[in-house]
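Peer 1: Submitted below is the structure of interest, expressed as structure tokens.
The values are calculated or read from the model by the stated rules, or taken from the named source; none is laboratory data. Since this is a predicted model, take the numbers as computed values, not measurements. With ideal geometry, Cβ positions are generated from the backbone for all residues, glycine too; neighbour counts draw on all protein chains shown. Note: areas computed on protein heavy atoms with side chains; ligands, DNA, RNA excluded. Shrake-Rupley method; radii C 1.70, N 1.55, O 1.52, S 1.80 Å.
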Amino acid sequence: CTSLASVVIPMAKAFGLRVITTVLGAQKAKEIAHLGADVIVDTTTEDLADVLKRELEAGHPVDVAIDCLGGENMGKCIHYLTHGARWIMIAALAGVHTEIDLKNIYVRNVRIIGSTLRSRAPHVKAEIEAGNLTDGVLQAYKYYMGEEYEEPVEYGGGYSETPTATGAGGYTPSEWNY
């Protein structure tokens, strides 16, 4: 199973979210079933855009998409997000080009966000390698599970670029805006 799925699915379920994930093949679907996704789409036999359309019509629009594939499927699927949704691109394994109806983006206030861990500034990477920064996702998970979590680490006059359990800028998790 993929690293992304093995982290994101349990994290989203811990926060009480509905999860739709994609796989290539029935075997992969079996391998990740234990992670608890609500819907597993085998894209070798199902069209993801059709599944997302059905989910939208059933009252389950997508609020956040974490996409490591991109490609033409992004343009086909982005129409089925809810108002104010976020589409987060972390890679483009299926291609770097897609076609998007821009009116669909601005009318529904959809945000497309590009992110990758590889883009961290050199000083942040050095802090991570030295063990001075905590894994923000892990710390947030610990906070919500009632476990011990670490306070944010300050360096250079500000909080780390990696969100921590108390969030960037010193906000507590209850003050985070999702």
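Peer 1: What is the sum of charges around residue 60, taking Lys and Arg as +1, Asp and Glu as -1, for the other residues whose C-beta is under 13 Å from the C-beta of residue 60?
Peer 2: Here the charged neighbours net out to -1.
Peer 1: Now, a different point. May I ask for log10 I(q)/I(0) of segment 62-106 at q = 0.14, 0.15, 0.20, 0.29 Å⁻¹, from a Debye sum over the Cα atoms as equal point scatterers with solvent left out?
Peer 2: With one equal scatterer per Cα and no solvent, log10 I(q)/I(0) is -0.29, -0.33, -0.59, -1.13.
Peer 1: Can you send over the solvent-accessible area of residue 45, 1.4 Å probe, protein chains only, in Å² to the nearest 10?
Peer 2: My reading of the accessible area for residue 45 is about 110 Å².
Peer 1: May I ask for the Rg/Rh ratio of segment 1-77, computed from Cα atoms with Rh as the Kirkwood radius, given to two decimals?
Peer 2: My calculation of the ratio gives 0.93.
Peer 1: Taking the full set of protein chains and a 1.4 angstrom probe, give the accessible area of residue 38 in square angstrom, rounded to the nearest 10.
Peer 2: 70 Å²
Peer 1: In segment 15-133, if every C-alpha pair distance is counted and binned at 5 Å from zero, what percent goes to each bin?
Peer 2: 2, 10, 17, 21, 18, 13, 9, 7, 3, 0
Peer 1: In cubic angstrom, how much convex hull volume per residue do the alpha carbon atoms of segment 1-46 span?
Peer 2: 54 Å³
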